[in-house]
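What follows is a single structure, written as structure tokens, with notes after it.
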Amino acid sequence: MGADYEQYPFPKGKHPSSWVETTVGEVMLEIRSGYASGKHNQLGSGIPHLRPMNVSPNGEISMEDVRYVSPAAGNLRLAKGDVLFTNTSSTVWVGKTALVEELGDWGFSNHMTRLRAAEGLSPEFAARQLHYLCLTGYFAFHCKKHINQSSVSGAQLAKNVPFRLPPANEQRRIAAKLRRLLDRERNLRLQFEALPGLIHQYRTAVLEAACAGRLVATEVAVTAKPRRSFETVLETLRRIPPPPRPNRFASRNEDVLDIGHPVLSVGRPERQLPDGWQWTPLVDIARMESGHTPSRSRPEWWNGEVPWIGIVDARENHGGIIQDTIQHTNEAGLENSAARLLPSGTVCVSRTASVGYVVVLGRPMATSQDFVNWTPTEAVLSGWLKLAFMADKDALVRFGKGAVHTTIYFTEWLSMHIALPPLSEQRRIVKEAERLLAASEMVHLEVQTAVGQAASLRKSLFQRALSGRLVLKSRSDEPASQLLLRIRKLKSRLAKQPKTRASPAIRPKPEKVPMLTLDEIKPTHLADILRQHNRPIEAKALWEESQLTIDDFYAQLKKERRKNINETGAERLLEVKS
């Protein structure tokens, strides 16, 4: 069975004349998976045991979530220059590959495969090529799919995966230039990844400034010099009657509280308000009501033209709506569920699950019971309510109750007060805040586009490198056909040498060793442990409990027994009789 070119990112046979196409197994001296170990720790005790999560999606060794195992758990180790291939992972990331660039005492799990390149093959070039196949979905297409994961066996990797082999010197030139370009791409990507956090900080600052009266001049200051009057908040509230207050909601045990005294407040009432502002009960300036959901068991209620939104339609940015997910009910659905078509301008705030998301209706719609809906009177702008709720999202989350599903009950909403500026000042604040927030949203979209372009740039660099278009050719380079011939001869010669049986995954059977009594052991740390157990104990367990290094453990053990002990590993049993 030869190389499988289906879904291969390069056309078969189309490569520079000095290159050859072969398979991974032809150019590797070793393809070997690691060993399993059920006893991991994250405390740094033992040696690192690299697993699939220790190869990043960018093809680099990552030690952020490394586990440690006993050095005796297996004999296989990684060396500098090894290629580490992920043989078992999710379908998307099976085949992640990285170059081991550090010299360390590292083991690796049976979900990883160690590849050792023959002389003349650049390990870095090989790692980049295999990782690019992962990025293009080649391994995802050819892997064997299991219930929760996918795999690529060592035999499949060796026999079926194509490998593009340039001349040895050209490999090194490609690897060096690709490394420089990918370092630049990485720095650019890290800068892009930091931008969303900065944009979020900027948006938070805009909302806080708007709701603290620091975004624009107050109406008191604006009218002071011309000495003109303006309608105060109290005058507005006297002129505009409050909306009808709700008497009861469908939810159980949610009677309306006496709202004469503020229990909770949106906007931290302990702070001093700007001149001309007033703490005002929400129910005095907006009609409050709950949404409702028509029964899902009645499909005939879900085939109309009445737009209806649920919690998944709420989007934090700008209080917008994800238009393509809006569902539609009909008049029968509204009538039979107590749902109501809310007017445009209604401010809907999620009160369950994802608490504090804000939606301002741009057209008449109905909502689910996950929302508490505020239809403003003429005393307040929808835009101001939206800014106030968005600025105090963290406070709203704290008001929620419930261990599993957080919910803000209606009695708490009825008690909330809001910092209310004069109407004319509301208009100026909302206009300026929306201008700044819209600008930040444009920057956010541009960053997302740039991140996507950076990902495309990374793939483009790999494509050019592995197509022979990244560096210049040299006539003095030995053709890859000669290199491949030498590698084949070397592998043939090595195959004729007698093989040593050394499989770290298969542990040797326990061998009986001479009996050891407490009389033969001096009063030491090991003796104290043995006295505490007062029963036979495995050498491995004794070593782990002693917290000694493996060398110190056996050195002390030999010294205490006053005789030569031929111990080969912690798997052997040491029987101790008290």
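The values are calculated or read from the model by the stated rules, or taken from the named source; none is laboratory data. None of these values were measured; they are calculated from a predicted model. When we count neighbours, we look across all protein chains shown, and the Cβ atoms used for this are built from the backbone with ideal geometry, even at glycine. What goes into the accessible areas is simple: the full protein's heavy atoms, side chains included, and nothing from ligands, DNA or RNA. Shrake-Rupley method; radii C 1.70, N 1.55, O 1.52, S 1.80 Å.
When you go through (1) at pLDDT below 90; (2) more than 19 Å from M28 (Cβ to Cβ); (3) open to solvent by 70 Å² or more (accessible area, probe 1.4 Å) one by one for K499, which number turns out not to apply?
Checking K499 against (1) at pLDDT below 90; (2) more than 19 Å from M28 (Cβ to Cβ); (3) open to solvent by 70 Å² or more (accessible area, probe 1.4 Å), the one that fails is (2).
I'd like the full set of residues that are open to solvent by 30 Å² or more (accessible area, probe 1.4 Å) and farther than 15 Å from I311 by Cβ, limited to the stretch 347-369.
The answer is V360, G362, R363, P364.
Answer with yes or no whether T449 is among the hydroxyl-bearing types (S, T, Y), closer than 30 Å to L188 by Cα and open to solvent by 20 Å² or more (accessible area, probe 1.4 Å).
For T449, the condition - among the hydroxyl-bearing types (S, T, Y), closer than 30 Å to L188 by Cα and open to solvent by 20 Å² or more (accessible area, probe 1.4 Å) - is met.
Within the stretch 370-426, take every residue that is of a type in the set (S, T, Y) and either closer than 21 Å to G291 by Cα or modelled with pLDDT under 85 (or both) and give me the one that is surrounded by the fewest Cβ atoms within 10 Å (Cβ to Cβ).
Filtering the stretch 370-426 for residues that are of a type in the set (S, T, Y) and either closer than 21 Å to G291 by Cα or modelled with pLDDT under 85 (or both), the one surrounded by the fewest Cβ atoms within 10 Å (Cβ to Cβ) comes out as T377.
Quick grid of which residues meet (1) of a type in the set (V, I, T); (2) within 18 Å of I174 (Cβ to Cβ):
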| residue | (1), (2) |
| --- | --- |
| V447 | yes, no |
| V451 | yes, no |
| A455 | no, no |
| S460 | no, yes |
| Q463 | no, yes |
| L470 | no, yes |
| K473 | no, yes |
| E478 | no, yes |
| L483 | no, yes |
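L121 is checked against (1) assigned to a helix (DSSP H, G or I); (2) open to solvent by less than 40 Å² (accessible area, probe 1.4 Å) and fails just one. What number does that condition carry?
L121 satisfies all of (1) assigned to a helix (DSSP H, G or I); (2) open to solvent by less than 40 Å² (accessible area, probe 1.4 Å) except (1).
May I ask you to verify whether A455 is open to solvent by 50 Å² or more (accessible area, probe 1.4 Å), aliphatic (A, V, I, L, M), modelled with pLDDT under 95 and under 20 Å from the mean Cα position of the chain (by Cα)?
Details: open to solvent by 50 Å² or more (accessible area, probe 1.4 Å): yes; aliphatic (A, V, I, L, M): yes; modelled with pLDDT under 95: yes; under 20 Å from the mean Cα position of the chain (by Cα): yes.
The answer is yes for A455.
Restricting to the stretch 134-153, name every residue that is touching a residue at least 24 places away in the same chain (Cβ under 8 Å) and either open to solvent by 30 Å² or more (accessible area, probe 1.4 Å) or β-branched (V, I, T) (or both).
Across the stretch 134-153, the qualifying residues are L135, T136, F141, H142, K145, Q149, V152, S153.
Every residue in the stretch 327-345 that is touching an Asp or Glu at 6+ places or on another chain (Cβ under 8 Å), outside any helix (DSSP H, G or I) and within 16 Å of R296 (Cβ to Cβ), please.
H328, N330
Kindly provide the set of residues from the stretch 221-276 that are in a loop (DSSP other than H, G, I, E, B), of a type in the set (G, A, S) and either at pLDDT below 90 or open to solvent by 80 Å² or more (accessible area, probe 1.4 Å) (or both), ordered by number.
The answer is S229, A250, S251, G260, G267.
Filter the stretch 381-414 for residues that are of a type in the set (V, I, T) and in contact with a Ser or Thr (Cβ under 9 Å, 6 or more places away or on another chain) and give the result.
V397, T406, T407, I408
Could you list all residues from the stretch 2-30 that are within 34 Å of the chain's Cα centre (by Cα), of a type in the set (D, E, K, R) and closer than 17 Å to L133 by Cβ?
Residues satisfying the conditions are D4, E6.
From the list L181, L237, which one is under 30 Å from H444 (Cα atoms) and not basic (K, R)?
Being under 30 Å from H444 (Cα atoms) and not basic (K, R) holds for just one of L181, L237, which is L181.
Report yes if some residue within the stretch 473-482 is open to solvent by less than 20 Å² (accessible area, probe 1.4 Å) and under 36 Å from the mean Cα position of the chain (by Cα); otherwise report no.
no
Which one is most open to solvent (accessible area, probe 1.4 Å), of the residues in the stretch 102-118 that are in contact with a Lys or Arg (Cβ under 8 Å, 6 or more places away or on another chain) and in a loop (DSSP other than H, G, I, E, B)?
Among those that are in contact with a Lys or Arg (Cβ under 8 Å, 6 or more places away or on another chain) and in a loop (DSSP other than H, G, I, E, B), it is L103.
Condition first: under 22 Å from E441 (Cβ atoms), open to solvent by 50 Å² or more (accessible area, probe 1.4 Å) and of a type outside the set (D, E). Now tell me which residues in the stretch 205-220 satisfy that.
A205, R214, listed by residue number.
Do any residues in the stretch 155-179 that are more than 23 Å from M112 (Cβ to Cβ) have Cβ atoms under 7 Å from those of residues that are aromatic (F, W, Y) and in a helix (DSSP H, G or I), where the two are at least six apart or on different chains, and which pairs are they?
Matching pairs, first to second residue: Q171/F125; I174/F125.
I'd like the full set of residues that are open to solvent by 60 Å² or more (accessible area, probe 1.4 Å) and hydrophobic (A, V, I, L, M, F, W, C), limited to the stretch 280-312.
V312
Which of (1) open to solvent by less than 10 Å² (accessible area, probe 1.4 Å); (2) in contact with a Ser or Thr (Cβ under 6 Å, 6 or more places away or on another chain) does T86 not meet, given it meets every other one?
(2)
Tally up the residues in the stretch 11-49 that are part of a loop (DSSP other than H, G, I, E, B), surrounded by 15 or more Cβ atoms within 10 Å (Cβ to Cβ) and in contact with an Asp or Glu (Cβ under 9 Å, 6 or more places away or on another chain), please.
Total satisfying the criteria: 4.
How many of the residues in the stretch 42-64 are at pLDDT 90 or above and of a type in the set (D, E, K, R)?
Number of matching residues: 2.
Take the stretch 141-154 and flag every residue that is of a type in the set (A, V, I, L, M) and within 10 Å of S89 (Cα to Cα). Spell out how you get there, then give the answer.
Going through the stretch 141-154, the residues of a type in the set (A, V, I, L, M) turn out to be 147, 152.
Listed by number, the list holds a single entry, V152.
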